[in-house]
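The values are calculated or read from the model by the stated rules, or taken from the named source; none is laboratory data. These numbers come from a predicted model, not from an experiment. Cβ atoms come from the backbone with ideal geometry, glycine included; neighbour counts cover every protein chain shown. What goes into the accessible areas is simple: the full protein's heavy atoms, side chains included, and nothing from ligands, DNA or RNA. Shrake-Rupley method; radii C 1.70, N 1.55, O 1.52, S 1.80 Å.
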2 protein chains.
Amino acid sequence: MKQLFYLLFVTLIISGIPELKAEDGYRLWLRYDFISDTQVLNLYTKSVKGWIIQGDSPTLRVAGNELQMGLNGLLGKNIPEISSVKKSGIIVAGTPENSQLIASLNLRERLASVGNEGYLIVSTKYRNKKIIVIAANKDAGVLYGVFHFLRLMQTHQSISGLSIESVPKTKIRILNHWDNLNRTVERGYAGLSLWDWKSLPDSVSPRYIDYARANASAGINGTALTNVNANALVLTKEYLQKVAALADIFRPYGIKVYLTARFSAPVEIGKLKTADPLDNDVVDWWKKKVDEIYSYIPDFGGFLVKANSEGQPGPQNYKRTHAEGANMLADAVAPHNGIVMWRAFVYDNNVPDDRAKQAYNEFVPLDGKFRNNVLIQVKNGPVDFQPREPFHPLFGAMPGTPLMPEFQITQEYLGSSVHLVFLAPLYEECLKSDTYVRGKGSLVAKVIDGTLDNHQLTAMAGVSNVGNERNWTGHPFAQANWYAFGRLAWDPYLGSGEVAGEWIRMTYTNDNETVQRISKMMLESREITVNYMTPLGLHHIMYAGHHYGPGPWVNRGRQDWTSVYYHRADSTGIGFNRTSSGSNAVSQYFPPVRDIYENIETCPENLLLWFHHVPWDYKLESGRTLWDEICYRYDEGVKSVRWLHGEWTRSKDFIDPDRFEKVQSLLVKQERDAKIWKDGCILYFQTFSKRPIPGGLEKPVYDLDYYRNHEYTDIPGIR
Amino acid sequence: MKQLFYLLFVTLIISGIPELKAEDGYRLWLRYDFISDTQVLNLYTKSVKGWIIQGDSPTLRVAGNELQMGLNGLLGKNIPEISSVKKSGIIVAGTPENSQLIASLNLRERLASVGNEGYLIVSTKYRNKKIIVIAANKDAGVLYGVFHFLRLMQTHQSISGLSIESVPKTKIRILNHWDNLNRTVERGYAGLSLWDWKSLPDSVSPRYIDYARANASAGINGTALTNVNANALVLTKEYLQKVAALADIFRPYGIKVYLTARFSAPVEIGKLKTADPLDNDVVDWWKKKVDEIYSYIPDFGGFLVKANSEGQPGPQNYKRTHAEGANMLADAVAPHNGIVMWRAFVYDNNVPDDRAKQAYNEFVPLDGKFRNNVLIQVKNGPVDFQPREPFHPLFGAMPGTPLMPEFQITQEYLGSSVHLVFLAPLYEECLKSDTYVRGKGSLVAKVIDGTLDNHQLTAMAGVSNVGNERNWTGHPFAQANWYAFGRLAWDPYLGSGEVAGEWIRMTYTNDNETVQRISKMMLESREITVNYMTPLGLHHIMYAGHHYGPGPWVNRGRQDWTSVYYHRADSTGIGFNRTSSGSNAVSQYFPPVRDIYENIETCPENLLLWFHHVPWDYKLESGRTLWDEICYRYDEGVKSVRWLHGEWTRSKDFIDPDRFEKVQSLLVKQERDAKIWKDGCILYFQTFSKRPIPGGLEKPVYDLDYYRNHEYTDIPGIR
């Protein structure tokens, strides 16, 4: 059945005149369409005549399938699997262990440095015939190497004289699905959950295989299937059988399955009276439960836990620490080599301190108290996935504990799946932030890849944006954020531009001019969104509930969920004073970072209002006053969406009509909503600044009441 | 863009070796796969060399596209569109008005009898060349004829010596989508609504075209897009623009769009103080609203209304009658040739009478009081889409008013999209019921097609089962219910077996033995389900809320929503006495039907407990007591599901693996749930009968408490 599914792709790919194909986006970046550039095609055709994968395993089989499908599609003819190298132009893939051919190639030394998941791609000779070797120590590495090799061809790179060595810099590269068991997805904007729990385990959608292919091709090797706002039901026998069916499908692709553990599960499904992590019955219940899980899923990855945050139960309900809670679970999974990812996203409106400081305050004292199979999962910034935040001060502040970043791929605060926003620059900004913890160059990336504090257990998490929409992510460009997360998890030092280029070439076109044009659109898109949503360090001023449109006026309900808590606009100025004269959140950063943020003159302007309450007439680098600059940025944001629209229109000839039109229609909405953000925010802040909107900028279309009362009817997601 | 989409099909179809194709069910019964039976293929290839459609219109264009796609796919080569008949083997399609060729063929007389939607398919000669003519008076008829002709080939029927005349027997053949604006679907079991309101009107899914193709191919010409439990928002300008975008797509396929009208809309979106249908402002508001609707959708079909039922507002809120409410809307749409479909599904727990009688009691006195553009929409039976009900007593009882039946295609009470239940026999049973209103032969079908009471406005409605699941309907066999509804709406006298045969051949295989095997499965499937759910006239004993599993013990809440209200089991017997000594619902039927139902000896056993409270030891035709027969029927139901499973397994070689496995896995669940129905119901009723389960039958697996407390976790649908 699986075989058939792959072959559909081949059939599709071989079948036809490319112009005839409708493109619904289902194939993501794994399109393998016939190469229409004849020069490139001829070069490749000369170099690729056949392929061999010696040895047999589920992973090698899917690697072979992928190679077959990719080569046949790209080259438009059958590239046969052969049994021995009798001519030049053979792709040889495998491990020294399974493949005599690979073992004979004297790669031992180079392979020694690539570990369990890395690979080599090397042009060499075997019995005087030219071959391209994809070699790894383990089968998973072979699969990753095959995807890399196909990517070279998909992106029209040279495949002669290859000498590539690639090793993932983090051990666990995991998607977090905030998917509920009823198939709704929290902050999901692409339809229902992929996991059709009601049909599982009896019936298995072929789509699960394509999900696994997509992940493996981007380097992702883990998936936490369920929402961090967890439901204990997933830990019952009935659901574990369903989870096992998914795990069986993902396993050949090197992907492990993880689950969210509801801390109160012993009470809810175990009928215990307590979930106290130091209670013997509780400890015992989790041990047995974990043993049961592993009886269904022998390579189960472990647990992801949100505890004592936003109403979720946790160890503090029993006056225990996060460490005591995490360690109890860690001890249960340790005999099976499982891990626990414990989220640091904790804050409480009953704590009088600045919300941005609370995770640090709670977790730093626990440094060194966690078992060695526990990772602390830290959001990129200290509040909550805003269009721009400074890096989280926990990075570097817990040297005795492995930290993993949690990035959001789904666009909760960045226009859902309506706005074109490429998030790699956001991830990159965080990863390349310098904590200065061990002097200059102590990048967040080095905290994460373990090199700064010498941790072996390393990981990166991304909150998934995929759903059961045909094109997976709703916005065609949102696919790029899934891809980019995987690539940056593999190598946190990659540049956004490189990732964008790969994705565009694989997903849309290899026309150089178009690639450059779209790349520029993508690379600027996040800053554009920051401008029309939250310029200059503003944050958390969105509509309550759906987080889509502007809501700087939100002032009711729990204080740390209002906007006025964050922007603090008044007649004197705007911004949250987090310096030593304010909440002193700056103190959580290591010098000189804290000093740079503390000083209004050195604080980066893109974080100015995050750290400072700034007078309306304060002069910025542009020479404008703060008030004028705010207006200017909002206006610039809107204008830039129009620029995006123009650039996309100019790309028309190189984009298939279905996806072209889809993006066009979304850009119309993005412009409409950028204007609503601009007008709503400017008019609202103007009630404090009492200053005119600078001349030359577009005047607001309606008055403030209109924006305050505006109800969207077309935000994606199920409500 | 549309063109491209069609061509994808062609590409898919031409491309490949059939064995290589994964089949996800998306293509429904319009698969047009290459004919592998060489004898059939050769015959067809000789007879079909090219095609001509003279004239141009959106409908003729889609007819041409379909013909091209179908012929190329079935015959595996390009069958060219040509400009004149120079050799034999040409398909000529069109209308005399648009096609000189058709006009010259002397078909005037035959065409006179086929109306606006009917067509002829005739083998004839033109200038001494053999041609096949698909002729109609209007373009829509040409499209229907093309689908019919392709169906002949899809089902391997002869295409020589053709002389087919087909005319729809009802004017409006309409799907009712119970789709909410947030994309959930009430009683929908196939994912979210197809209508992506948030993307409309800017972005239009190619899927809408395939929805229209599927409908047109089955003869469906209308679609009510929104839930009868209505949301007034759909009548706002913003939504009307979205509706118009859909109407534009459906129009070439002969499909009109209808909306549900929330009776209180003038208050909710019109800011009026009342929705009283006799209030001048209200009348005026609806007139203007309707004018606005027609400004967006010039061929808007009209309104479907659920009023004063299950909490919906209606004219009775203002002490007006259903006729006064319906007529007010009818007057508003009449200038635009619109219609109103007013539902008779009304009942009230504050009315002390038998729920089954209430619609009749309310509506019969209104006969003749409705405007001539109003249809009364009557469910097939007097309660609510049960596995078996007698025909609704309103059929025949309102000769002065056009009645249209409402069938349920979605399986609310028939196993959601988990159970294999072919519903054509249920529809057929109702349509072929004899009301005896004008003597023997006064079939429900004749009430509906207008021949009994000489009505010109005729219609049939089906509550849709489609959603955004890839295969449209969840269960692969549920597609057949969509198809069957359309075919029976076109011709209410068709037999279920004929429809099943067509569908199987188009959807799965033309292997005769397999067609017969699957046809038998389908034709027996509904009776099997009646047996394990509600044998012998039992009804409405399902689980409260989801209506999926058994709940004969349900006895709380609103009385006419409990099960005990309907089965009335006690120590003396079981069943609802609706004879003259009971609720006297039988009196609503015309003699001799009422007498047949009244008399326990003549009442059909399959409706026995619908009309009679029967002693446990009453002897049935089988020679068994009632109690034993109940047990026997439940047991038989379960055994028959196993038989279904066996028959399906035997069909394996002729079914593509993906759909084969999908159905297999669903049959496993169906057997599991049939047993739960059987055991739960038998054990519960045994608490009244106090009699043993007859020897030889399978003993219940658990005790009654288990079934009473059983919670399903895998019923389709979003809750």
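What are the GluC sites (Glu not before Pro) within segment B:54-113 that DSSP puts in a loop, where the Cβ has at most 14 other Cβ atoms within 10 Å?
Values: sites: B:Glu66, B:Glu81, B:Glu97, B:Glu109; in loops: B:Glu97.
Counting only loop positions with at most 14 other Cβ atoms within 10 Å, the GluC sites (Glu not before Pro) in segment B:54-113 are B:Glu97.
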>> Under the convention of a label 7 Å out along Cα→Cβ, give the distances in nm from A:Thr687 to the same position in every other copy, shortest first.
In response: 6.0
> Residues with amide H under 5 Å of A:Tyr548's amide H, sequence separation 5 or more or different chain, H placed in the peptide plane at 1.01 Å from N; which?
Replying inline: A:Tyr543
>> Once ligands and nucleic acids are excluded and a 1.4 Å probe is used, how much of A:Lys130 is accessible, expressed in Å² to the nearest 10?
In response: 130 Å²
> What quantity of accessible surface, computed with a 1.4 Å probe and excluding non-protein components, is buried in total between chains B and A, in Å² to the nearest 100?
Replying inline: 3700 Å²
>> Can you list residues from other chains, or at least 5 along the same chain, whose modelled amide H is less than 5 Å from the amide H of A:Thr260?
In response: A:Leu225, A:Thr226, A:Leu304
> If you roll a 1.4 Å probe over segment A:172-498 with all protein chains in place, what percent of the accessible area is carbon or sulfur?
Replying inline: 47 percent
>> Can you give me the solvent accessible area of A:Ile718 with a 1.4 Å probe, rounded to the nearest 10 Å²?
In response: 60 Å²
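Order A:Arg487, B:Arg708, A:Arg438 by their accessible area, 1.4 angstrom probe, all chains in place, largest first. Provide the component values of the computation, followed by the final result.
On the way: A:Arg487 25, B:Arg708 100, A:Arg438 140 Å².
So the residues, ranked largest to smallest area, are A:Arg438, B:Arg708, A:Arg487.
Ranked by accessible surface with a 1.4 Å probe, highest first, in what order do B:Leu60, B:Leu43, A:Leu272 come?
Numbers: B:Leu60 5, B:Leu43 110, A:Leu272 45 Å².
From most accessible down to least: B:Leu43, A:Leu272, B:Leu60.
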> From the phi of every residue in segment B:527-536, what ³J(HN,Hα) in whole Hz does the Karplus formula 6.51 cos²θ - 1.76 cosθ + 1.60 yield, where θ is phi - 60° and glycine or proline is x?
Replying inline: 5, 4, 5, 4, 4, 8, 9, 9, x, 6
> Got the B:Ala103 label distances to the other copies yet, label 7 Å along Cα→Cβ, in nm, shortest first?
Replying inline: 8.3
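Relative contact order for chain A: what percent, with Cα pairs under 8 Å and sequence separation of 6 or more? Can you show the working numbers first?
Working: 1423 pairs, mean separation 81.5, N = 719.
Computed over chain A, the figure is 11 percent.
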> Share of segment B:656-697's accessible area from carbon and sulfur, percent, 1.4 Å?
Replying inline: 60 percent
> Ignoring ligands, DNA and RNA, how do B:Glu711, A:Glu621, A:Glu671, A:Glu389 rank by accessible area with a 1.4 Å probe, largest first?
Replying inline: A:Glu621, B:Glu711, A:Glu671, A:Glu389
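For segment A:193-299, which trypsin sites (Lys or Arg not before Pro) are both in a DSSP coil and crowded by at most 15 other Cβ atoms within 10 Å?
Details: sites: A:Lys198, A:Arg207, A:Arg213, A:Lys237, A:Lys242, A:Lys256, A:Arg262, A:Lys271, A:Lys273, A:Lys287, A:Lys288, A:Lys289; in loops: A:Lys198, A:Arg262, A:Lys271, A:Lys273.
Taking segment A:193-299 and a limit of 15 other Cβ atoms within 10 Å, the loop trypsin sites (Lys or Arg not before Pro) found are A:Lys271, A:Lys273.
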> Just the accessible area for A:Cys430, please: 1.4 Å probe, Å², rounded to the nearest 10?
Replying inline: 10 Å²
>> Compute the helix-to-body angle for A:657-689: its Cα long axis versus the longest principal axis of chain A, expressed 0 to 90° and rounded to tens.
In response: 20 degrees
> Does anyone have the angle between helix A:322-333 and the longest principal axis of chain A? Alpha-carbon axes, 0 to 90°, nearest 10?
Replying inline: 20 degrees
> Which of the aspartates and glutamates could be linked to A:Lys619 by a straight reach, that is with a Cα gap under 12 Å, when you skip same-chain ones fewer than 8 residues away?
Replying inline: A:Glu601, A:Glu605, A:Asp628, A:Glu629
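Too long at a 18 Å Cα-Cα cut-off: which of A:Lys306/A:Lys379; B:Lys288/B:Lys319; A:Lys237/A:Lys273; B:Lys379/B:Lys446; A:Lys520/B:Lys198? All intermediate terms of the calculation are to be shown ahead of the outcome.
Working: A:Lys306/A:Lys379 12 Å; B:Lys288/B:Lys319 24 Å; A:Lys237/A:Lys273 21 Å; B:Lys379/B:Lys446 16 Å; A:Lys520/B:Lys198 28 Å.
Over 18 Å apart, Cα to Cα: B:Lys288/B:Lys319; A:Lys237/A:Lys273; A:Lys520/B:Lys198.
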> Hey, which lysines would be in cross-link range of B:Lys86, C-alpha to C-alpha under 17 Å, not counting anything within fewer than 8 residues on its own chain?
Replying inline: B:Lys46, B:Lys49, B:Lys125, B:Lys129, B:Lys130
> Tell me, what HN-Hα J-couplings in whole Hz come from the Karplus equation 6.51 cos²θ - 1.76 cosθ + 1.60 at θ = phi - 60° for each residue of segment B:354-360, using x for Gly and Pro?
Replying inline: 2, 3, 5, 9, 5, 4, 4
>> Going by amide H atoms built from the backbone, whose H comes under 5 Å of the H on A:Ile91, apart from near neighbours?
In response: A:Lys49, A:Gly50, A:Trp51, A:Ile52, A:Ile132
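Counting heavy atoms of the protein chains only and a 1.4 Å probe, report the per residue accessible area for segment A:324-480 as a whole number of Å². Provide the component values of the computation, followed by the final result.
Details: 3910 Å² over 157 residues.
I get 25 Å² per residue for this part.
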> Once both axes come from the Cα atoms, what is the angle between helix A:478-490 and the longest principal axis of chain A, in degrees from 0 to 90, rounded to 10?
Replying inline: 70 degrees
> Using a label position 7 Å from Cα in the Cα→Cβ direction, what is the ascending list of nm distances from B:Pro58 to the same site in the other copies?
Replying inline: 5.0
>> Per residue, how large is the accessible surface of segment A:94-247? Use a 1.4 angstrom probe and give square angstrom.
In response: 32 Å²
>> Please list 3J(HN,Hα) in residue order for segment A:105-111, calculated via the Karplus relation 6.51 cos²θ - 1.76 cosθ + 1.60 where θ = phi - 60°; whole Hz, with x for glycine and proline.
In response: 8, 6, 9, 3, 5, 5, 5
>> Please compute the modelled spin-label separation between A:Asp248 and A:Lys432, points set 7 Å along Cα→Cβ, answer in nm with one decimal.
In response: 4.6 nm
> Dipole of segment A:596-719, Cα-centred, from +1 at each Lys and Arg C-beta and -1 at each Asp and Glu C-beta, to the nearest 20 debye?
Replying inline: 240 debye
>> For a quick check of your reading of the filter: which chymotrypsin sites (Phe, Trp or Tyr not before Pro) in segment A:444-523 sit in a DSSP loop and have no more than 16 other Cβ atoms within 10 Å?
In response: A:Tyr493
